[in-house]
Ligand SMILES: Cc1ncc(COP(=O)(O)O)c(C=O)c1O
């Protein structure tokens with residue numbers, strides 16, 4: 001049977017690293033995981049308890065836009081985090097931010113529309129756009145702009161996706177930089193705010209603080225430590241609610257009911273989530289000290305998230321085989337930059353520091369020993 005061209009999306013290379021690390025573990029090796037973009041912790045306890053209490057209910061479909069209490073809870077979060085007064089009617093509960101991208105891109109763009117995004121950046125934006133017959137336009141960013149696009153970088157586009165803090169760089173757009181981009185690209189502006197809550201200096205600015213004419217996308221995966229629960233949300237302009245509701249009804253029916261129950265409880269688990277953030281802050285400090293000691297000196301200053309992006313052009317021209325070497329020799333799994341930047345990523349690596357601090361310490365020790373043994 002013939003297959004479609006738009007179905008021919010690229011693989012997620014980090015998953016190859018995950019598989020190689022799994023094989024090494026199966027063969028009896030101890031591996032430190034700095035490749036995966038997810039917290040080492042599970043859902044907050046309050047979320048698990050709420051789920052346990054809910055299991056006596058049928059947990060059938062919910063309405064497509066999500067449980068009203070959860071939409072209200074998320075709206076309240078905007079008051080708590082940003083001082084923004086948000087009408088809960090504009091909050092749509094989704095199957096992770098991944099589900100929100102599908103709804104957002106479908107609602108905003110028509111086949112053939114050109115949608116920009118900074119490189120390096122989260123790879124699935126490009127692949128989801130391609131699968132929808134949209135045209136991803138990678139915008140190479142520069143370290144002096146904190147690996148974020150600037151208005152001068154923007155060609156004629158029907159849309160723009162920004163992420164602050166970004167993956168893989170962890171760098172943020174400050175309020176002026178975000179506002180300048182929003183002014184330069186009024187059409188189809190999508191702000192991926194999935195790493196909000198995970199900052200180590202000033203907090204991230206939401207696009208909603210600047211304008212209502214945006215799609216803001218967020219998730220319970222990262223700050224709320226609930227990757228596998230597949231639950232996220234989007235905030236859209238009032239006149240987009242009904243069209244997206246129709247799409248959500250038909251594409252997903254609803255986000256998983258049990259995850260909506262968990263997410264509602266997770267909103268209140270502030271102490272546990274802030275303790276996770278304190279762990280990341282400690283890990284980040286260890287990484288910023290330990291990576292240069294190992295010889296990874298060209299690193300982007302990470303404002304948030306839990307990644308460090310390193311330019312390794314002084315060490316290799318082939319990040320994929322360099323990662324394989326680090327895994328085989330040092331027993332540390334790290335991600336080649338190719339997922340995030342297909343042209344420059346052969347000379348970059350992404351290190352994740354979302355695991356326990358003891359793992360980070362051991363990983364850094366191994367990286368330092370490996371690099372010392374490799375030095376000429
Ligand atoms: C920048 C960014 N956006 C979105 C996602 C997808 O997250 P989820 O679908 O779990 O909400 C990720 C996952 O790593 C990410 O890094």
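The values are calculated or read from the model by the stated rules, or taken from the named source; none is laboratory data. What you see is a predicted model; the values in this text were computed from it and never measured. Every residue, glycine as well, gets a Cβ built from its backbone with ideal geometry; the counts of neighbours run over all protein chains shown.
Laid out as a table, the results:
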| quantity | calculated |
| --- | --- |
| Residue in the range 301-312 that is out of contact with any strand residue (DSSP E or B) (no Cβ under 7 Å at 6 or more places or on another chain), closer than 29 Å to residue 116 by Cα and not assigned by TED's automatic domain parsing to the domain that holds residue 165 present | yes |
| Out of 14, 18, sole residue that is buried (at least 19 other Cβ atoms within 10 Å of the Cβ), touching a strand residue (DSSP E or B) at 6+ places or on another chain (Cβ under 8 Å) and closer than 30 Å to residue 334 by Cβ | 14 |
| Selection within the range 87-119 - buried (at least 18 other Cβ atoms within 10 Å of the Cβ), assigned to a helix (DSSP H, G or I) and within 16 Å of the ligand (Cβ to nearest atom) | 96, 97, 99, 100, 101, 102, 103, 104, 105 |
| Residue within the range 112-119 that is over 18 Å from the mean Cα position of the chain (by Cα) and farther than 24 Å from residue 166 by Cα present | yes |
| Number of the exception - residue 222 against (1) more than 11 Å from the ligand (Cβ to nearest atom); (2) under 24 Å from residue 85 (Cα atoms) | (1) |
| Residues satisfying the stated conditions in the range 158-173, i.e. more than 13 Å from the ligand (Cβ to nearest atom) and within 29 Å of residue 14 (Cα to Cα) | 159, 160, 173 |
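Yes/no per residue for (1) outside any strand (DSSP E or B); (2) away from the ligand (no atom under 16 Å from the Cβ); (3) under 19 Å from the mean Cα position of the chain (by Cα); (4) in contact (Cβ under 8 Å) with a residue 60 or more places away in the chain:
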{"site": "23", "(1), (2), (3), (4)": "yes, yes, no, no"}
{"site": "47", "(1), (2), (3), (4)": "yes, no, no, yes"}
{"site": "52", "(1), (2), (3), (4)": "yes, yes, no, no"}
{"site": "65", "(1), (2), (3), (4)": "yes, yes, no, yes"}
